[in-house]
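Quick notes on the structure that follows.
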There are 2 protein chains.
Amino acid sequence: MNAPLPDSNPDANPSAAGGTTVLAQVPSFSPLYRQIKGLITGSLQSGEWKPGDMLPSEFELAARYKVSQGTVRKAIDELAQEHLVLRRQGKGTFVATHHEARAQFRFLRLMPDSGQQYYPESKFLEVKRLRAPGEVARLLDLKGGDAVVYIKRVQYFNSVATVLEELWLSGTIFKGLTAERLNEYKGPMYGLFELEFNTTMIRASEKIRAVAADPQVASLLQVEPNWPLLSAERVSFTYGDKPVELRRGLYLTSQHYYSNELN
Amino acid sequence: MNAPLPDSNPDANPSAAGGTTVLAQVPSFSPLYRQIKGLITGSLQSGEWKPGDMLPSEFELAARYKVSQGTVRKAIDELAQEHLVLRRQGKGTFVATHHEARAQFRFLRLMPDSGQQYYPESKFLEVKRLRAPGEVARLLDLKGGDAVVYIKRVQYFNSVATVLEELWLSGTIFKGLTAERLNEYKGPMYGLFELEFNTTMIRASEKIRAVAADPQVASLLQVEPNWPLLSAERVSFTYGDKPVELRRGLYLTSQHYYSNELN
DNA sequence: AAGTGGTCTAGACCACTTT
DNA sequence: AAGTGGTCTAGACCACTTC
């Protein structure tokens, strides 16, 4: 079933002087399995396999890249660990998607004290295009003045206003995102981004602080002015570690906490 | 060099009916490499190899447990990923210790806006033994009324009071911990715990909120009353997922932020 | 029965560190 | 040169899912 491997691989066997190299010129130099990982990531990024799709089997990939199954396996191991793909024994390996229960809480760390997790409802206050302020442009790796989509919303947990969020999204990627579309789409925004803008969030970096609610924020979250709120400033990245979203959330932590595991 | 493997392993080869099993009765049932991982963890826990020590080489361990080097390798892979051991190519595999630069910031997520990371200085306000309040006992898996060591301290970053912390430590493990010892020990507390109490923190779980400074806290951190502070309630675990420390920190986040990566 | 991921082995060779 | 972890291969067999 496995394809024959007539020529040994140049990386595994560099003594084969001057042989025709098949792969070596992919990145600079790294182990074979990492080069394979790069090739697979490339296919994910290019959309050869879309979120939810099944990847070719390990043996097929091994044949395609002319390496052993074990090497493909090690590449996929790392991708699975980074949550880019998802393995299911007996079924196959699948491109990760935000349309899964498991993915919901990867980027949503706010937990209720009660243990009862309600999925939040969103109310969008503003959705518009504007020119990126300097700070936003810097964080999203844009030129100052480039277009961004700006969103402001309140999230209700069990009908209680709990989160006030502002988002700045790369304007070129999220062109055409409207309030109507956001309102009719139920479920996490990242699901919408994936479906309609071919953009999957891979990882994010947050800076968390405690701040005092200013009068406007206080009225939206129905607390007194100067009430302490948790502020989370997040930059999210898609394939290729490209920043595409800046988000600033203000969380009311009277009935909820931000959960974090230190490993 | 490698020891011979006359009998195949029962897990790898269950058709060997009724053969004398060597390993299988360790946990219930799990893959061989996970059983090996358990045995290695056991030796870490029992102190056969202490923090900073080098583990036997993969081949030695393979011989000891009568499995292949690849299986030992996979066990160690997981331990390395959980930061229980640390691999150094060409040198060996070492028991992780808190006395390393890399380990310092694993449990210290407070970063300065300036980028300049000063190592904090501690001032201990209280160190005493007391009976665990119900909530503390519950989180540390103790009986209500069991002895705990209570510590209260302020941490100064670049001479600015930034963190007010209270700790509750399992009384049996940390018997004999005194203010004098804490004051003369420079460096992170977890280093002291490891050296003098044979207790290595393996992981921790935090609940983070925004709270208002009460008058006493405000005066210690030199802010106005009701100033917003970040509260982090942490439960730390040693080997065997045993909780041994409860810590509640109040962070002044005017010049610092709590850094978190979502993966 | 066939296909998929998961485990285990045995052996070769590479890269890095120390002697 | 010797010892360590790191990579790669080839092949066997297991566990789970689907047909």
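A few remarks follow.
- Over segment B:105-190, Cα pairs under 8 Å with separation of 6+ residues give a relative contact order of 27 percent.
- Computed FRET value (nearest 0.05) for A:Ser43 with A:Phe237, which takes r as the C-beta separation and R₀ as 25 Å: 0.85
- Distance between the modelled labels on A:Arg87 and B:Asp146, one decimal in nanometres: 3.8 nm (7 Å Cα→Cβ projection).
- Local electrostatic count at B:Gly52 - Lys and Arg +1, Asp and Glu -1, tallied over other residues with Cβ under 15 Å: 0
- Projected area averaged over orientations for chain A, convex hull of C-alpha atoms, nm²: 17.6
- Sites excluded, trypsin sites (Lys or Arg not before Pro) in DSSP loops with at most 11 other C-beta within 10 Å, longest stretch of chain A: A:1-90
- Note on segment A:63-174: dipole from Cβ charges, positive end direction compared against A:Pro112, A:Ala101, A:Gly145; the farthest Cα belongs to A:Ala101.
- Computed over neighbours whose Cβ is under 13 Å from that of A:Gly187, the net charge equals -3, Lys and Arg +1, Asp and Glu -1.
- Inter-copy label distances at B:Ala179 (7 Å, Cα→Cβ; nm, one decimal): 6.1
- Under the criterion of Cα pairs below 8 Å and six or more residues apart, the relative contact order for segment A:91-147 equals 20 percent.
- Shielding value for B:206-219 is 5, the average number of Cβ atoms from other chains within 10 Å of each residue's Cβ.
- Of B:Ile36, B:Thr200, A:Leu44, farthest towards positive along the dipole that unit charges on Lys, Arg, Asp, Glu beta carbons give the protein assembly as shown: B:Ile36
- Distances in nm from B:Gly144 to the matching label points in the other copies, shortest first (labels 7 Å along Cα to Cβ): 6.2
- For chain A, relative contact order (Cα pairs under 8 Å, six or more residues apart, normalised by length) works out to 15 percent.
- Chymotrypsin sites (Phe, Trp or Tyr not before Pro) lying in DSSP loop within segment A:106-135, provided at most 15 other Cβ fall within 10 Å: A:Tyr118
- Only Lys, Arg (+1) and Asp, Glu (-1) charged, at Cβ; the protein assembly as shown dipole about Cα centre in debye: 180
- Rounded to the nearest 500, the helix-only mean residue ellipticity at 222 nm of chain B stands at -7000 deg cm²/dmol, with each DSSP H run of n ≥ 4 adding -39,500 (n - 2.57).
- Stokes-Einstein diffusion coefficient of segment A:118-263, Kirkwood radius over Cα pairs, 10 °C, 1.306 mPa s, in µm²/s: 99
- Between copies, A:Gln69 shows label-point distances of 2.3 nm, shortest first, with the point placed 7 angstrom from Cα along Cα to C-beta.
- Kyte-Doolittle at least 0.0, axis length at least 20 Å by Cα - qualifying DSSP helices, chain A: A:32-46
- Here each label is just a point 7 Å from Cα along the line to Cβ, and for B:Ile173 and A:Arg181 those points are 5.2 nm apart.
- FRET efficiency estimate (nearest 0.05) - Cβ-Cβ, B:Gln222 to B:Phe29, R0 56 angstrom: 0.45
- Residues in segment A:195-212 that a label on B:Glu261 would reach, taking backbone N under 18 Å of a point 7 Å out along Cα→Cβ: A:201-208
- Formal net charge of residues neighbouring A:His99 (Cβ-Cβ distance under 13 Å; K, R +1; D, E -1): 0
Values in this text are rule-based calculations from the coordinates and carry no lab data. This is a predicted model, so every value here is computed, not measured. Reconstructed Cβ throughout: ideal geometry from the backbone, glycine too, with neighbour counts over all protein chains shown.
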